Amino acid sequence: MKTIPSAGPDITEAEIKLVNQAIRSGWYERRNLHLDLLTAAIQRHTDKRYCLPTSSGTAAIHLALLGLNIGPGDEVIVPDITWTASAAPIHYVGATPVFCDIDERSWCLSPASFEERITKKTKAVIVVNLYGNMVDIEPIRSIARRRGIAIIEDAAESIGGEYRGRPAGTLGDVGIFSFNATKLVIAGQGGMLVTDNKKVYERAKKLAHHGMRKYTIEATFWSEEIGFNYQWTNLQAALALAQFRRLRELLAKKKRAFGWYRAALEGIPGIQLNDQPRNATNTYWIVSAIIDSAYGWKKEQLMKKFRSCHIDLRPFFYPLSSMPAWKPYVRSKNMRQQNPVAYRISPYGICLPSATGITKAEVDYVCDCLKKTLRVKPTLCPVVKLQMG
Ligand SMILES: Cc1ncc(COP(=O)(O)O)c(C=O)c1O
């Protein structure tokens, strides 16, 4: 039996055609053709003044921090539950990441915990739209504005999402997207930085290409400062462009898969799926489930069990502060107390197979396996309640 994958690309003739076009003719004076078309498309989508394609989402976060002049001595608040790349660039620039708790329902940054972590050194906060859920930005923005803190929106997992009618990626001072192979819009690797701030954009653009400005006769290959090779390729942009043109269709497939999961798991107490508040539109990039601890199944045990059923489950992210890499930045001996939601949810969270190509039969099979494994008997877990969007 073939394993049901956790994620996967959705490739059609449209992608093949555009990549073919790029490989045949996207060189010389047309070397940026697809890059420029994608940049313009994202610009229209976000209505942001400046869009900078980058070699990855990680690079875009790094450039956002550099563009905001964040460095040694500065603190940047980041949710404890996120992909490690949301926080790694804070380390790259020599600033200090400060791990903040998440909200119980959205799994994104908790406004109350954010406010508690602010010090005189706090220069920025990175909000993350986890698994395609949207962060509740309003309270975070009003706190950040009052305290002069910049907001970077990590929309790597949420392209196509909306908050109060505004697209994901546009909720802060700088937004970033990722086009890596597991994302909704893929290019293998790739990213994009979006902002209205000209200074941030210009510095990010210069640093993305070894500290060089646009070539002139007087200044070709002329580095003004040491930068990075964070430029993207036209070939990958061609793939992302074809995918981005299919955004609505891809979003509809994700929503459909979520609907199947919801229908199959509805009525089972103690299973919390992605929450969608009234003011937001999630992308359901990854359908995730928090399984109440009353069932007694931790995520690693479930992953092992499901592997024997040919289902590729992924773990809900571990708190960054619990991992060896981030130990140097962990100030409190008791992060469990500081970030109780992150530590309570993470051990019992699983990411269900969510490739756009998943079928209803596959979703039903996954849900049947889950029900059998949990031996669902509502009386066993009277204290838990269902929380679905
Ligand atoms: C939340 C989040 N932030 C940042 C990134 C980094 O993106 P990339 O893999 O393109 O560097 C990812 C990608 O996996 C992500 O999921």
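Can we say I151 is touching a residue at least 24 places away in the same chain (Cβ under 8 Å) and either over 17 Å from T39 (Cβ atoms) or assigned to a strand (DSSP E or B) (or both)? Here the answer is yes, as I151 does meet what is asked.
When G175 is tested against (1) of a type outside the set (D, E); (2) open to solvent by less than 50 Å² (accessible area, probe 1.4 Å); (3) on the phi > 0 side of the Ramachandran plot, just one condition goes unmet, and that condition is (3).
Consider E249 carefully, then state whether it is within 20 Å of G8 (Cβ to Cβ), of a type outside the set (K, R) and surrounded by fewer than 18 Cβ atoms within 10 Å (Cβ to Cβ). The answer is yes for E249. Listed by position, the helices (runs of 4 or more DSSP H) enclosed by the stretch 71-148 that each have at least 1 residues that are more than 16 Å from the ligand (Cβ to nearest atom) are 111-117, 137-147. Residue selection: A181 satisfies the criterion of being within 16 Å of the ligand (Cβ to nearest atom), of a type outside the set (S, T, Y) and on the phi < 0 side of the Ramachandran plot. Going through the stretch 327-339 one residue at a time, which ones are part of a helix (DSSP H, G or I) and either in contact with a Leu (Cβ under 6 Å, 6 or more places away or on another chain) or open to solvent by less than 60 Å² (accessible area, probe 1.4 Å) (or both)? Matches in the stretch 327-339: Y329, M335. In this structure, S293 does not qualify as touching a Leu at 6+ places or on another chain (Cβ under 9 Å) and more than 30 Å from T119 (Cα to Cα). Restricting G211, G191, G227 to residues that are buried (at least 24 other Cβ atoms within 10 Å of the Cβ), of a type outside the set (A, V, I, L, M, F, W, C) and within 19 Å of L65 (Cα to Cα) narrows the list to G191. Every residue in the stretch 97-116 that is surrounded by fewer than 18 Cβ atoms within 10 Å (Cβ to Cβ) and more than 21 Å from N274 (Cβ to Cβ), please. Answer for the stretch 97-116, where residues must be surrounded by fewer than 18 Cβ atoms within 10 Å (Cβ to Cβ) and more than 21 Å from N274 (Cβ to Cβ): A112, E115, E116. I'd like the residue in the stretch 230-239 that is out of contact with any Gly (no Cβ under 6 Å at 6 or more places or on another chain) and buried (at least 22 other Cβ atoms within 10 Å of the Cβ) and, out of all such residues, is farthest from K214 (Cα to Cα). Among those residues, the one meeting the criterion is L239. If you check L65 against the conditions, is it within 30 Å of I118 (Cβ to Cβ) and either assigned to a helix (DSSP H, G or I) or among the hydrophobic types (A, V, I, L, M, F, W, C) (or both)? In short, yes. Looking across Y28, Y50, one residue alone is in contact with a Phe, Trp or Tyr (Cβ under 6 Å, 6 or more places away or on another chain) and either aliphatic (A, V, I, L, M) or more than 16 Å from the ligand (Cβ to nearest atom) (or both). It is Y50.
Within the stretch 160-171, the residues that satisfy the criterion of being open to solvent by less than 10 Å² (accessible area, probe 1.4 Å) and either of a type in the set (A, V, I, L, M, F, W, C) or in a loop (DSSP other than H, G, I, E, B) (or both) are G161, A168, G169, T170, L171.
The values are calculated or read from the model by the stated rules, or taken from the named source; none is laboratory data. Keep in mind the model is a prediction, meaning the values are calculated, not measured. Positions of Cβ are generated from backbone atoms using ideal geometry, with glycine treated the same way; all protein chains shown enter the neighbour counts. Side chains are part of the model used for accessible areas, which takes the heavy atoms of the whole protein and leaves out ligands, DNA and RNA. Shrake-Rupley method; radii C 1.70, N 1.55, O 1.52, S 1.80 Å.
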